[in-house]
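Engineer: My questions will all concern the structure given below.
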Amino acid sequence: MTANGTAVPGTYAEYAAVVDEADPRFTDWLRERADPAWTDAVAHPFTRELGAGTLPEAAFAEYLVQDYAFVNDLVGVFGYAVGQAPEMAAKRSLVEFLDTITDDEDDYFERSFNALEVPEPRHRDPELAEPTAAFIDLLGRAAREGGYAETLAVLVPAEWIYERWAVAAVEAHADPAADGPPSAGTDLPFYYAEWIDLHATEGFRAFVDWLRGQLDIVGPELSPRRQARVESLFRRTVDLEVAFFDSAYEPAEDG
């Protein structure tokens, strides 16, 4: 629903005409069109229990195995985005984020697998869950078969959802008066705390807003047909994020 209580219009032009904003963001239209799956993703029981420290470690270990399985593909899609970005400044921002994924985040995975006693063969060559395989396929098709807008259509929701659930976890459980990273005061094991921190730092939040801004710039200039394609990719990404959390959470829930 838009701010005035009406259904979210099917095109960005119609959305821009009815929302009470001088310069409505293209990505806000996409996000609103993706509900209720968007809300299901950012407030999933998996992430809420992770933030509270009540998520079973076995469920989190399986989740990390699956997440690590498509990191290489995610890096590849960011690589496509670097090549597609229209300006050198944009290319630089994307390259800097790639450095974070391939350095800080990769180090986090290795330390977490060791702490959670995940055998190397399991995380090096895992059996892909259905949502993981579907996500990898979507990432590749979006990058290979479209342009910058289509690539952003999968990258933006993938990163934005993580920023939203991580910030929610910090707001619900961290001590705002404590010194340190966003999760300070939660007393979580490092593999929970640092996963939240990676996605709740000011740097990551600024990057997500910048990434959204890139799609906000190019989206309104697309033809109606390409806007519909971008919306479809965005919504599919959100649906797969929900399915990804479900696939890790449900085995723990069943026993």
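Engineer: Once the Cα atoms of helix 130-145 and of the chain are each reduced to a long axis, what angle between those two axes, in degrees from 0 to 90 to the nearest 10, is obtained?
Structural biologist: For 130-145 against the chain, the angle is about 40 degrees.
Engineer: What is the diffusion coefficient of the chain in µm²/s, taking the Kirkwood radius over Cα pairs and the Stokes-Einstein relation at 10 °C with a viscosity of 1.306 mPa s? Working shown, then result.
Structural biologist: On the way: Rh = 19.0 Å.
Rounded, D is 84 µm²/s.
Engineer: Related question: Accessible area per residue for segment 51-157 in Å², computed with a 1.4 Å probe and the full protein assembly in place, what is it? Write down the numbers at each step before the final one.
Structural biologist: On the way: 4800 Å² over 107 residues.
Per-residue accessible area for segment 51-157 comes out at 45 Å².
Engineer: Run the accessible area of segment 184-247 with a 1.4 Å probe and give the carbon-and-sulfur part as a rounded percent.
Structural biologist: Of the solvent-accessible surface of segment 184-247, carbon and sulfur hold 50 percent.
Engineer: Here's a follow-up. Would you calculate the separation in nanometres between label points at Ala17 and Glu110, each defined as 7 Å from the Cα along the Cα-to-beta-carbon direction?
Structural biologist: 5.6 nm
Engineer: Among Leu50, Ala81, Ala61, pick out the residue whose Cα is farthest towards the positive end of the charge dipole of segment 1-132, where Lys and Arg carry +1 and Asp and Glu carry -1 on C-beta, about the Cα centre.
Structural biologist: Positive-end residue among those listed: Ala81.
Engineer: Using a basic spin-label model with each label point 7 Å from the Cα along Cα→Cβ, how many nm lie between Glu127 and Met88?
Structural biologist: For the pair Glu127/Met88, the computed spacing is 5.1 nm.
Engineer: Which of Ser183, Ala193, Phe204 sits closest to the plus end of the dipole of segment 151-204, meaning its Cα is farthest towards the positive end, when Lys and Arg get +1 and Asp and Glu get -1 on the C-beta?
Structural biologist: Final value for the positive-end residue is Phe204.
Engineer: Measuring from centroid to centroid over Cα atoms, what is the spacing of segment 21-38 and segment 122-149 in Å?
Structural biologist: A separation of 24 Å, based on Cα centres.
Engineer: Would you be so kind as to identify which of Pro119, Val170, Val218 lies farthest towards the positive end of the dipole of segment 112-255, taking Lys and Arg as +1 and Asp and Glu as -1 on Cβ and the Cα centre as origin?
Structural biologist: Val218
Engineer: Then there's this: Could you rank Glu110, Glu163 by how accessible they are, 1.4 Å probe, largest area first?
Structural biologist: Numbers: Glu110 50, Glu163 15 Å².
Greatest to least solvent exposure: Glu110, Glu163.
Engineer: So, taking all protein chains as they sit and a 1.4 Å probe, how much accessible area belongs to Asp125, in Å² rounded to tens?
Structural biologist: 130 Å²
Engineer: How large is the convex hull of the Cα atoms of segment 140-210 per residue, expressed in Å³ as a whole number? Could the numbers behind the result be given before it?
Structural biologist: Numbers: hull volume 6.0 nm³, N = 71.
Once divided by residue count, the hull of segment 140-210 is 84 Å³.
Engineer: To continue, here is another question. Using 1/(1 + (r/R0)^6) with R0 = 22 angstrom and r between the beta carbons of Thr54 and Asp187, what's the FRET efficiency to the nearest 0.05?
Structural biologist: Details: r = 13 Å, r/R0 = 0.57.
In this case the efficiency is close to 0.95.
The values are calculated or read from the model by the stated rules, or taken from the named source; none is laboratory data. In this text, all values refer to a predicted model and were calculated from it rather than measured experimentally. Here the Cβ is made from the backbone with ideal geometry for all residues, glycine too, and neighbour counts use every protein chain on show. Surface areas here come from the heavy atoms of the whole protein model, side chains and all, with no ligands, DNA or RNA. Shrake-Rupley method; radii C 1.70, N 1.55, O 1.52, S 1.80 Å.
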